[in-house]
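First comes the structure, then the notes that go with it.
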Amino acid sequence: MKIIISDENEIWTPDHPALEPFADHVLVFCMNGIKASEKYQCIITEYHPMGLGMSCGLHTAKYRSLKAASNMLINRIDYHEDIVFLTDNNPDGLYPFLAARSMNYWKYLHLVTMMPWGFESLHRQKAHRAFLENLSSLSSLLVLNNVMSDIKMRRGSTLPDLIQEAKVRCGELLPMILYQIQERNWEKAFFDFHTMQYTPLEEGYELANTAPLHTPADFKIDDIVLDPYSEGTMGLIEFDESGLDDEYPEGSYSDLNRVESLVPRVDGKRVCEYLRGLRIKLAEANGIPFESPQCPSVGPCAGTCDKCDEELAWLMSELDRIEPDQRIYPKEILKDWRVS
């Protein structure tokens with residue numbers, strides 16, 4: 001048996017203590033170009049983060065780098081070996097599974113996953129669902145939503161507190177999960193939390209139709225304290241996605257106009273504020289009600305991002321409602337800025 005995790009996971013991380021008893025079986029995909037653990041075997045990709053990394057899907061540089069390195073799996077994992085992918089609410093954490101599935105080489109693939117939290121942004125929820133549309137190659141599926149719904153947090157708890165509690169709950173299940181997979185007597189099965197057993201899939205049913213795959217992990221966020229860092233890293237900013245299609249091709253969440261790789265700039269925050277100011281001036285000049293809250297991100301800034309692009313797209317759609325000869329373009333646009 002081989003247990004595969006990635007350094008993009010938020011629950012099944014390389015430092016998770018529940019993995020230590022199975023150290024000889026653990027393989028870590030290091031998706032950021034740096035060895036993530038000294039305890040386990042690692043496959044290190046050539047990808048190096050260059051920006052905010054907000055795009056998801058098979059088109060991204062991060063996935064392409066992982067796919068290029070995934071051929072090493074054939075040398076490390078036997079065709080008949082069980083491969084258990086431990087993933088969670090981060091869509092990027094599914095990349096090793098997507099790469100292995102596309103290679104169509106191994107017979108026994110097992111996925112343990114969790115849908116994004118209900119308070120996470122829609123783009124992460126849609127990306128996660130899109131990645132799991134095709135599960136025909138799987139031997140078993142376990143969705144951890146039921147574990148999340150049982151978590152109770154004290155008032156004033158932080159998001160890291162919630163993640164830590166989720167790690168503890170999931171870790172308690174791991175030995176039972178691995179034992180049942182190893183001792184299985186079924187070809188395809190899903191995990192039933194009522195019986196706490198893998199249940200054979202009935203003829204005519206598909207693993208992709210398992211109910212938890214269509215709903216976010218159920219947890220009430222009311223008492224959790226969120227900070228800007230948490231919102232920036234977990235995608236808790238709710239974007240206006242009314243202009244995006246509801247259906248996405250398998251393994252790809254992104255319309256082609258979204259930013260794929262954003263390179264941070266020394267003056268990135270200044271660029272962001274300047275462009276935001278231009279949008280506000282353009283809206284005011286044309287009498288368009290427009291709200292543009294301050295960006296909560298505290299990480300590296302490229303000067304623009306998906307949120308900026310979506311604000312601009314909405315503003316331009318409103319401007320299109322105005323007759324061309326009545327539109328007003330402030331003369332100071334790009335007058336006082338020098339791009340270095």
By the mean-Cβ-within-10 Å protection proxy, highest first, 195-206, 4-15, 87-98 rank as 87-98, 4-15, 195-206
Whole-Hz Karplus couplings 3J(HN,Hα) for the range 36-47, θ = phi - 60° and coefficients 6.51, -1.76, 1.60, Gly and Pro as x, run 8, 7, 9, 7, 10, 4, 10, 10, 9, 7, 8, 6
Going 7 Å from the Cα of Arg169 along its beta-carbon direction, which residues of the range 1-33 have the amide nitrogen within less than 11 Å of the resulting point? none
Work out from phi, with θ = phi - 60° and the Karplus expression 6.51 cos²θ - 1.76 cosθ + 1.60, the ³J(HN,Hα) of each residue of the range 156-170, listed in order in whole Hz, and give x for Gly and Pro. x, 5, 9, 4, x, 4, 5, 4, 5, 5, 5, 4, 5, 4, 5
Any residue on another chain or 5+ positions along whose placed amide H is under 5 Å from the amide H of Asp82 is listed here as Lys2
Under the rule of at least 5 residues apart or a separate chain, name every residue whose amide H is placed under 5 Å from the amide H of Gly57. Tyr253
Could you pull out every residue, at least 5 positions away or on a different chain, whose amide H is within less than 5 Å of the one on Ala217? Hs are placed 1.01 Å off N in the peptide plane, and Pro or chain starts have none. Met115, Trp117, Gly118
Using DSSP to call loops (not H, G, I, E or B), can you name the trypsin sites (Lys or Arg not before Pro) in the range 80-129 whose Cβ has at most 14 other Cβ atoms within 10 angstrom? Lys107
Taking R0 as 56 Å and r as the Cβ-Cβ distance between Glu187 and Gln326, the FRET efficiency 1/(1 + (r/R0)^6), rounded to the nearest 0.05, comes to 0.25
Provide the per-residue ³J(HN,Hα) series for the range 200-207, in order, calculated from phi with Karplus coefficients 6.51, -1.76, 1.60 and θ = phi - 60°, each as a whole number of Hz, with x at glycine and proline positions. x, 6, 6, 4, x, 9, 10, 4
Expected output is a single nm value to one decimal: the length gained when fully extending between Tyr179 and Leu312, i.e. 0.36 nm times separation in residues minus the C-alpha distance. What is it? 42.7 nm
Net charge over other residues, Cβ less than 14 angstrom from the Cβ of Leu109 (K, R count +1; D, E count -1): +1
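Every read-out reported here was derived from the displayed coordinates using simple, explicitly stated rules and does not represent laboratory data. Just so you know, these numbers come straight off a predicted model, no measurement behind them. Don't worry about glycine lacking a Cβ; one is built from the backbone with ideal geometry, like all the others, and counts go over all protein chains shown.
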